[in-house]
Amino acid sequence: MFRRGWIYPDSYVPYCMLRNILKGSAEFVINGECSLVQERDVCYIPEGCRLECHTLEDEFSFISIRFTTTVRLDGSDFLSEYFRIPRITHQGDAEVLGYFQMVYQNAAAQSTGKLFRIRGNLELILAWLVERAPQALLGEGERPEADMPVDDVRRSGFHSDRIRRDSRVQVVVDYLVAHPSEPFDTEFLARMADMSPSSLRRLFKEHTGKSPGAFARDLRMTTAARRLLVTDQRISTIAYELGFDDANYFARIFKSVFGVSPQKYRSASRE
């Protein structure tokens, strides 16, 4: 929840975001394109873009979900280009709001099954968006790539070897997502995936678009950002719990990802 005057400075976004606007209105600038968002809108902000936001009313609130996709097509925006999810879907309903609320509630829960509840509701949100994607984006006579035979998919640039999911890499992804504060250990992860460290690094980057180390770093920074927003923990404590012995080094990494220091990130969110 934010007051009039809140500004999210122009920053690189290292993950995908979905935002359900609960109250008020604001301007979101995504890769230089300005969009007005207001109550009940659902916003999709793709990984790797630049984002800037500022409020337009005295009260502005939203639920925000950060996530990464496990399929990348030569650096393209997979959810937008393959499933045609637009940046802004207007007039969301109680159904999709319920999915957002379930993600939020489970993120703070202690249940051992929360990872699956979070993932399940996230996929329901994406399904809701895909089903409401404007078909006007399709050319005359064109059908969605999801219905194309494999040969047509290849010709369209969506190569099957890029789309497949490697179960060994998925095991590592799931472990990293569930244990963002665990020390990063390539040898341990390689044994988990039953492959050599070099094969893991190669396949992991093909699967996620990032090296295992970069993926783990971004997860830690996302976890740190959430703790800065929803807790009063000292920044040094957050850094230590996420495996950083040097709080200054943690602050430098955080700024490289979010464009501002941890202290400014927390202050800006509470002004």
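The values are calculated or read from the model by the stated rules, or taken from the named source; none is laboratory data. From a predicted model like this one, the values you see are computed outputs, not experimental measurements. A quick note on method: Cβ atoms are made from the backbone with ideal geometry, for glycine too, and the neighbour counts reach across all protein chains shown.
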Which of the residues that make up the stretch 187-200 are surrounded by fewer than 17 Cβ atoms within 10 Å (Cβ to Cβ) and part of a helix (DSSP H, G or I)? 187, 188, 191, 192, 197, 198, 199
If you scan the stretch 69-99, which residues turn out to be surrounded by fewer than 15 Cβ atoms within 10 Å (Cβ to Cβ), among the charged types (D, E, K, R) and modelled with pLDDT of 90 or more? 93, 95
Among the residues of the stretch 125-144 satisfying the criterion of being modelled with pLDDT of 50 or more, surrounded by 11 or more Cβ atoms within 10 Å (Cβ to Cβ) and not small (Gly, Ala, Ser), which is farthest from the chain's Cα centre (by Cα)? 132
Would you mind telling me which numbered condition in (1) closer than 30 Å to residue 212 by Cα; (2) touching a helix residue (DSSP H, G or I) at 6+ places or on another chain (Cβ under 8 Å) residue 19 fails? (2)
If residue 53 satisfies all but one of (1) touching a His at 6+ places or on another chain (Cβ under 7 Å); (2) modelled with pLDDT of 85 or more, what's the number of the condition it fails? (1)
For the stretch 157-200, the count of residues that are under 24 Å from residue 78 (Cβ atoms), basic (Lys, Arg) and at pLDDT 80 or above equals 1
Take the residues in the stretch 201-222 that are assigned to a helix (DSSP H, G or I) and among the basic types (Lys, Arg), then tell me which one is nearest to residue 262 (Cα to Cα). 220
Screening 217, 226 for residues that are under 21 Å from the mean Cα position of the chain (by Cα) and either surrounded by fewer than 17 Cβ atoms within 10 Å (Cβ to Cβ) or β-branched (Val, Ile, Thr) (or both) leaves only 226
Enumeration of residues in the stretch 22-57 that are part of a strand (DSSP E or B), of a type in the set (Gly, Ala, Ser) and surrounded by 18 or more Cβ atoms within 10 Å (Cβ to Cβ): 26
Condition first: out of contact with any helix residue (DSSP H, G or I) (no Cβ under 7 Å at 6 or more places or on another chain) and assigned to a loop (DSSP other than H, G, I, E, B). Now tell me which residues in the stretch 7-16 satisfy that. 13
Quickly run through the stretch 10-21 and pick out the residues that are crowded, with 16+ Cβ neighbours inside 10 Å and in contact with a strand residue (DSSP E or B) (Cβ under 7 Å, 6 or more places away or on another chain). 11, 13, 15, 16, 17, 18, 19, 20, 21
Which residues, counting only those in the stretch 88-120, are more than 21 Å from residue 173 (Cα to Cα), in a helix (DSSP H, G or I) and either in contact with a His (Cβ under 7 Å, 6 or more places away or on another chain) or polar (S, T, N, Q) (or both)? 101, 105
Residues (of a type in the set (Ser, Thr, Tyr) and either within 14 Å of the chain's Cα centre (by Cα) or assigned to a helix (DSSP H, G or I) (or both)) located in the stretch 229-258: 236, 237, 240, 249, 256
Looking only at the stretch 170-186, which residues are hydrophobic (A, V, I, L, M, F, W, C), in contact with a Pro (Cβ under 8 Å, 6 or more places away or on another chain) and either part of a helix (DSSP H, G or I) or more than 24 Å from residue 257 (Cβ to Cβ) (or both)? 172, 176
Before we move on, is residue 66 in a strand (DSSP E or B), at pLDDT below 95 and within 16 Å of the chain's Cα centre (by Cα)? yes
